[in-house]
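Below is one structure; the comments refer to it alone.
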Amino acid sequence: MELLEAIRKRKTTNGAFLKKPVSREHQHILVEAAARAPSHFNSQPWRFVLIDDAKIRTKIAKIAGSTMTQLMKEGRFFQRYRKYFRFDREEMERRRDGIFIDQLPGPLRPFAKQAFSDRGLKLMNQLRVPGMLGRDNKKLVEGSPLLLAALLTKEEYVPVDLSSFYCILSLGMAIEHIWLTCGELGMGIQFVSTPMEIPGAWDEIKSILKVPDSLELMAVYRLGYVPPAAKRPKIDWTSSQRKKLSQYVFRNTCSDTEADPQ
Ligand SMILES: Cc1cc2nc3c(=O)[nH]c(=O)nc-3n(C[C@H](O)[C@H](O)[C@H](O)COP(=O)(O)O)c2cc1C
């Protein structure tokens, strides 16, 4: 695959992966690609855990499920991330950012836009949506043949210091290498981030992965081979839209917006 094509095709996989185990060869290609990323003074502050043990994946899946249910039930997720959710195509075309919830079970569709109101939250709890999303999330994570934990060494990563920005930037670039290489290998990848939103849950994952004090657990991902005809989750979104050049690029100074190519 040409690089530009790989970049244009790169996307998050929201649906289930094939159960087929990820080959050791592909796992090593992914982390080799990560290590080719730039880092300040070539410090390579990243560390990765390749998780293909079924028991460990199930433990993490349970936490991913329960944290999703908790976040949805309490409405915190919606309050915190309301500004990113789009429910109509027109708004999505105009803004060209955020995530467009274009797949919802029939009974929920009439209430989509109210999902963020207190009344909407009450209704969602009555319709047991948090539980459904939690079960779906657990199933997705448990069904992923490979989980990947991304960590930073505290030798480099000092939160209050400039090095923390350098480390996070380097880790971000290493993870992007993994994301692009997934495309090349017929694989997909998605953040498993709901445990990050619940402090106790993140600590649980740290202990499951036996993370030493010398390392900081930064993120967890689920990976696998993408099925030819991927079935979309009951509640699903698209986020392939990107801003026009004139919406995010300037020419020479920030007072001159770049014109969109004709
Ligand atoms: C810091 C960060 C956190 C993210 N958290 C999640 C997440 O919790 N769940 C998810 O499905 N995608 C998550 N994503 C992926 C974004 O939603 C996705 O990259 C964006 O919507 C663009 O879609 P695309 O990756 O398909 O191009 C995250 C991305 C970043 C950089």
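What number goes with the only condition from (1) of a type in the set (A, V, I, L, M); (2) without any contact (Cβ under 8 Å) to a residue 12 or more places away in the chain; (3) in a helix (DSSP H, G or I) that residue 133 does not pass?
Answer for residue 133: the failing condition is (2).
Identify, please: which residue in segment 60-84 is crowded, with 18+ Cβ neighbours inside 10 Å, under 19 Å from the mean Cα position of the chain (by Cα) and not small (Gly, Ala, Ser) and is, among those, farthest from residue 140 (Cα to Cα)?
Per the stated criteria, the residue is 77.
Out of segment 188-204, which residues are away from the ligand (no atom under 14 Å from the Cβ) and surrounded by 15 or more Cβ atoms within 10 Å (Cβ to Cβ)? Show your work before the answer.
Step one: filter segment 188-204 for residues away from the ligand (no atom under 14 Å from the Cβ), giving 199-200, 203-204.
Passing the criteria: only 204.
Can you tell me which residue is farthest from residue 35 (Cα to Cα) among those in segment 141-153 that are outside any loop (DSSP other than H, G, I, E, B) and away from the ligand (no atom under 13 Å from the Cβ)?
142
Criterion first (of a type in the set (Gly, Ala, Ser), out of contact with any helix residue (DSSP H, G or I) (no Cβ under 6 Å at 6 or more places or on another chain) and within 16 Å of the ligand (Cβ to nearest atom)) does residue 255 satisfy it?
No.
Among 99, 51, which is the only one that is under 22 Å from residue 218 (Cα atoms) and either open to solvent by less than 60 Å² (accessible area, probe 1.4 Å) or of a type in the set (Ser, Thr, Tyr) (or both)?
Answer to the check: 51.
When you scan segment 210-240, how many residues do you find that are part of a strand (DSSP E or B), out of contact with any Phe, Trp or Tyr (no Cβ under 8 Å at 6 or more places or on another chain) and either at pLDDT below 95 or farther than 18 Å from residue 149 by Cα (or both)?
1
Specify the residue that is nearest to the ligand (Cβ to nearest atom); the eligible residues are those in segment 154-179 that are open to solvent by 30 Å² or more (accessible area, probe 1.4 Å) and touching a Leu at 6+ places or on another chain (Cβ under 9 Å).
Just the residues of segment 154-179 that are open to solvent by 30 Å² or more (accessible area, probe 1.4 Å), to begin with: 154-162, 165-166, 168-169, 172-173, 176-177.
Those left that are additionally touching a Leu at 6+ places or on another chain (Cβ under 9 Å): 154, 157, 168, 177.
Details: 154: 20, 157: 16, 168: 10, 177: 14 Å.
Checked segment 154-179; the qualifying residue nearest to the ligand (Cβ to nearest atom) is 168.
State yes or no: is residue 93 assigned to a helix (DSSP H, G or I), surrounded by fewer than 21 Cβ atoms within 10 Å (Cβ to Cβ) and modelled with pLDDT under 95? Steps first, answer last, please.
Details: assigned to a helix (DSSP H, G or I): yes; surrounded by fewer than 21 Cβ atoms within 10 Å (Cβ to Cβ): yes; modelled with pLDDT under 95: yes.
Criteria met by residue 93.
Under 7 Å between Cβ atoms, which residue pairs at least 6 apart in sequence (or on different chains) link something in segment 82-106 that is of a type in the set (A, V, I, L, M, F, W, C) with a partner that is open to solvent by 50 Å² or more (accessible area, probe 1.4 Å) and within 13 Å of the ligand (Cβ to nearest atom)?
From segment 82-106, the pairs are 99/84; 99/237; 100/237; 101/237.
Residues in segment 19-26: is at least one away from the ligand (no atom under 16 Å from the Cβ), modelled with pLDDT of 95 or more and crowded, with 18+ Cβ neighbours inside 10 Å?
Looking for residues that are away from the ligand (no atom under 16 Å from the Cβ), modelled with pLDDT of 95 or more and crowded, with 18+ Cβ neighbours inside 10 Å, one finds at least one in segment 19-26, hence yes.
Would you check if residue 87 is open to solvent by 20 Å² or more (accessible area, probe 1.4 Å), in contact with a strand residue (DSSP E or B) (Cβ under 8 Å, 6 or more places away or on another chain) and within 22 Å of residue 222 (Cβ to Cβ)?
For residue 87, the condition - open to solvent by 20 Å² or more (accessible area, probe 1.4 Å), in contact with a strand residue (DSSP E or B) (Cβ under 8 Å, 6 or more places away or on another chain) and within 22 Å of residue 222 (Cβ to Cβ) - is not met.
Of everything in segment 5-18, what is out of contact with any strand residue (DSSP E or B) (no Cβ under 9 Å at 6 or more places or on another chain) and either among the aromatic types (Phe, Trp, Tyr) or open to solvent by less than 100 Å² (accessible area, probe 1.4 Å) (or both)? Give them in sequence order.
Start the filter on segment 5-18 by keeping residues that are out of contact with any strand residue (DSSP E or B) (no Cβ under 9 Å at 6 or more places or on another chain), which leaves 5-10.
The answer is 5, 6, 7, 10.
The values are calculated or read from the model by the stated rules, or taken from the named source; none is laboratory data. Everything quoted here is computed from the prediction, not taken from an experiment. Cβ sites come from the backbone with ideal geometry, for glycine too, and all protein chains shown count toward neighbours. The protein model used for the area step is the full one, side chains on, heavy atoms only, and it has no ligands, DNA or RNA in it. Shrake-Rupley method; radii C 1.70, N 1.55, O 1.52, S 1.80 Å.
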